[in-house]
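Throughout, read-outs are computed from the coordinates displayed, never taken from laboratory work. These figures come from a predicted structure and were not determined experimentally. Counting neighbours? That spans all protein chains shown, and the Cβs are built from the backbone with ideal geometry, glycine included.
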Amino acid sequence: MTDTILLKGKPLAEALRGEIAGKVAVLKSAGTGPVLAVVVGSADPAAIKYAEAKQRAAEKLGIAINLVRFDPARGQDALESEIDTLSRDERTHGILLELPLDRALDAERAIARIDPLKDVDGLTAANLGRIAAGDERRAIAPATPIACIRLAESAAPLAGKRAAMVGRGRSVGRALIPMLINRDMTVTVCHTKTPDLAAAIAPCDFVFVAAGRPALITAAHLKPDQIVIDAGINVVDEGILGDVDPAAVGLVKALTPVPGGVGPLTSTVIFDNLLRAIALQENREGSS
């Protein structure tokens with residue numbers, strides 16, 4: 001048995017909130033009150049609940065939320081027109097599309113309408129492309145990959161280490177893979193179709209998991225000296241379960257718990273991304 005270090009997101013989130021609140025105060029003193037538009041395109045009560053939770057968190061930081069409740073019955077063209085309007089609106093500094101959308105709406109088309117410099121979720125092709133090109137300086141990265149990296153860095157330096165990325169989805173894996181490479185890691189990409197996950201993971205110092213499969217990674221896949229970052233969130237009969245079997249506690253060197261690991265930090269990074277968006281927009285205006 002190993003005394004596994006639990007990498008909890010709350011302490012890092014609390015520290016980051018303090019930094020954000022200070023930056024917001026400076027912006028307001030200079031005449032800029034940060035505004036984030038949160039677009040909900042679903043009748044699902046859970047989507048409204050998540051958006052309202054963001055609104056409460058933002059208010060504590062001094063950030064204004066424009067909660068846009070879009071009726072899916074209005075259709076795809078109307079949704080894209082709504083996003084176009086927000087993208088052009090100088091009073092709106094960031095846009096977040098609450099996912100998933102209603103089944104009748106196309107999320108990819110909607111995301112493509114977001115101004116990349118207002119894309120606080122980092123999901124537009126422009127932002128993902130800049131990250132893949134190694135130009136994170138001019139990009140807004142997705143919040144979950146940022147949270148994964150910050151938690152991993154809290155356990156050990158990343159440069160020169162080997163990492164396994166289990167999962168290739170757009171919201172986490174597709175961005176996290178190049179972000180790890182940008183930090184001088186050697187990255188092995190795995191997914192649910194990889195034939196021998198244990199063999200692929202074995203040489204790695206860090207294991208990042210975001211495959212959307214509860215308990216996909218078990219103790220049999222892992223080694224005592226590994227640091228494991230679990231970005232999976234799965235609702236099962238027993239409650240909330242990550243992509244890593246909780247039995248890994250006591251085996252690996254460090255592990256993010258689910259819930260309580262990546263999630264709390266991710267929700268705070270969204271607001272830090274809003275401040276980054278404001279800085280990038282100011283640079284665009286200054287160079288135009």
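With an 8 Å Cα cut-off and a minimum separation of 6 or more residues, compute the relative contact order for region 31-115 in percent. Across region 31-115, relative contact order equals 42 percent.
Anything in the chain that counts as a DSSP H helix reaching 27 Å or more along its axis (C-alpha) with Kyte-Doolittle mean of at least 1.6? List them, would you?
Working: long enough: 9-29 (30 Å, 0.22); 262-287 (36 Å, 0.14).
Span-like helices here: none at all.
Rounded to the nearest 0.05, the FRET efficiency derived from the C-beta distance between D71 and R91 at R0 = 30 Å is 0.85.
When DSSP assigns beta bridges and you keep just the ones with both residues in region 194-250, what percent turn out antiparallel, to the nearest 5? Mind showing how you got there, number by number?
Working: 3 of 8 bridges.
Here the share of antiparallel DSSP bridges comes out near 40 percent.
Overall dimensions of region 142-263, expressed as equivalent-ellipsoid semi-axes from the Cα gyration tensor (√(5λ), whole Å, largest first), are 19, 16, 14.
Is there a pair in K10/K118; K28/K49; K8/K118; K28/K118; K23/K54 whose C-alpha atoms are over 20 Å apart, and which pairs would that be? Table pairs above 20 Å Cα-Cα are K10/K118; K28/K49; K8/K118.
Subtracting the Cα-Cα distance of K60 and D237 from 0.36 nm times their residue separation leaves 60.4 nm of extension gain. Within the shell of other residues whose beta carbon sits under 12 angstrom from the beta carbon of V209, the net charge comes to -1, with Lys and Arg scored +1 and Asp and Glu -1.
Looking only at region 142-263, where both bridge partners belong to it, what percent of the DSSP beta bridges are antiparallel (to the nearest 5)?
Values: 3 of 19 bridges.
In region 142-263, approximately 15 percent of DSSP beta bridges are antiparallel ones.
The aspartates and glutamates within cross-link reach of K161, meaning a Cα-to-Cα straight distance under 19 Å and a gap of 8 or more places when in the same chain, are E153, D184, D205, D225, D230. In region 31-115 the Cα-Cα distances spread across 10 Å bins starting at 0 as 18, 51, 27, 3, 0 percent of all pairs.
Need one number: % antiparallel among DSSP beta bridges in the chain, to the nearest 5. Restricted to the chain, the bridges split so that about 10 percent are antiparallel. Relative to the Cα centre, the charge distribution of region 142-263, modelled as +1 at Lys and Arg Cβ and -1 at Asp and Glu Cβ, gives a dipole magnitude of about 420 debye. The packing ranking, built from the mean of other Cβ atoms within 10 Å per residue, places the peptides 61-67, 189-195 in the order 61-67, 189-195, highest first. Protection proxy ranking for 149-155, 69-75, using the average of other Cβ atoms within 10 Å per residue and placing the highest first: 149-155, 69-75. Put the Cα centre of region 2-65 next to the Cα centre of region 69-129 and the gap is 19 Å. Mean residue ellipticity, 222 nm, helices only, the chain: the sum of -39500 (n - 2.57) across DSSP H runs of n ≥ 4, divided by residue count and rounded to 500, is -13000 deg cm²/dmol.
How many percent of all Cα-Cα pairs in the chain sit more than 26 Å apart? All intermediate terms of the calculation are to be shown ahead of the outcome.
Working: 18492 of 41328 pairs.
That fraction is 45 percent.
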